[in-house]
Structure formats: structure tokens, C-alpha cells
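Below is one structure; the comments refer to it alone.
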Amino acid sequence: MIGPAEDIRRAILDDIEDLLALDHRVTAGDMQRVSDIRDHVENGHCHVHSESDHLDGYVVVLPRHFLGRDFVDLLIVAPSARRCGIGRKLLGAVLGMEGTSQVFTSSNRSNTPMRGLLRQQGWQLSGELDGLDAGDPEMFFFAWRTAPMNWDTGRDQAINTVRTER
């Protein structure tokens, strides 16, 4: 199982190498993804889950990126840490962050674990888009924020609210 909510924090520049190591597209040589992750950290859009002395997951939330609403662009959990609640915890933290009242994300239809996580956490299907990946439609989901917070000043209060609501 995972530790306390305080294990989620905004990513810092020193985290970049660990974040890159978690992403299979980076390890496969996707240099655009390397650049994107660096930009997400530098712009404050990336939050990490850390356990002991290592990172085992992260989420990237792009403010107002999807039709004026916040968008979860990436949710990555280390293969060795999957099915332990880290993805659930990261998504819960997203809904506790300050931002638009609705948050969207998407997943390929073939990504059964992500779709199951979203369904389990109460995200609603918004629709599908064909034509991005041949034979594998992109499915869009949304959720409502319940306890917006400012990650620079109100971290503990909002995380405790998210913890007690679950």
C-alpha cells in the first residue's frame, strides 16, 4: 500500500532524471517526450508521488489546456508500483488542486487499466474520438473538483479534505 498524502508534491528540477526513467516512451528514445517532461516540471505542471528515496509515479496537469479546462496530460506509475493505489492517489490530488471546476483526461480504448481507474474514481465518459491511433479510439473523461487548493500555500488542508472524503 501507499503512504500518507504528503508523499505527493510538485516536481522539482532534481526530479527530472527520475521522471524520465519512469516513462517507457523516453526509454524508447522519444526525445520530444524528454523535452515535454522538462517543460512540464519547469512550468510547475508536474506533481510526483515519492516513496522513501525514489519517485514511483507522476501526473501532469495542463491548466486550461482542453477547451478552457484543466487536462491531465500524463499519469505515469512505475511498473513495479502499479495496482498499489498510486494512480488513485495522484488523480485524487489533481481534483484537490486549484484550477477549473472540471478536469478532463483521455485514454486509448485499449488502455483498460487507466479506464478502470477512471471509472473507479468516478470520472465520467465524455466521448470518443476516432482517427488519432488507427483502430484504437481516444476516450475522453471528466471529473468535478471538490476542494480546490493552492499547491504553494494550502497543500495540507486540501489533501486532508481529499483523504477524509474517500
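Assorted remarks:
- For segment 27-118, GluC sites (Glu not before Pro) are listed when DSSP marks them as loop and at most 16 other Cβ atoms sit within 10 Å of their Cβ; the list is GLU98.
- In sequence order, calculated HN-Hα J values of segment 105-119 (Karplus, 6.51, -1.76, 1.60; Hz; x Gly/Pro): 8, 9, 7, 5, 4, 6, 8, 4, x, 5, 4, x, 4, 4, 4
- Neighbour-count order for ASP7, ASP130, ASP18, fewest beta carbons within 10 angstrom listed first: ASP130, ASP18, ASP7
- Three-way shape call for segment 5-165 based on the alpha-carbon gyration tensor, with the a/c threshold at 1.5: rounded
- Length available on full extension from SER80 to ALA28: 0.36 nm per residue minus the Cα-Cα distance, which gives 16.9 nm.
Where a number appears in this text, it was derived from the coordinates with a stated rule and is not lab data. Since the model is a prediction, treat every value here as computed from it, not as a measurement. Note: ideal-geometry Cβ built from the backbone for every residue, glycine included; neighbour counts use all protein chains shown.
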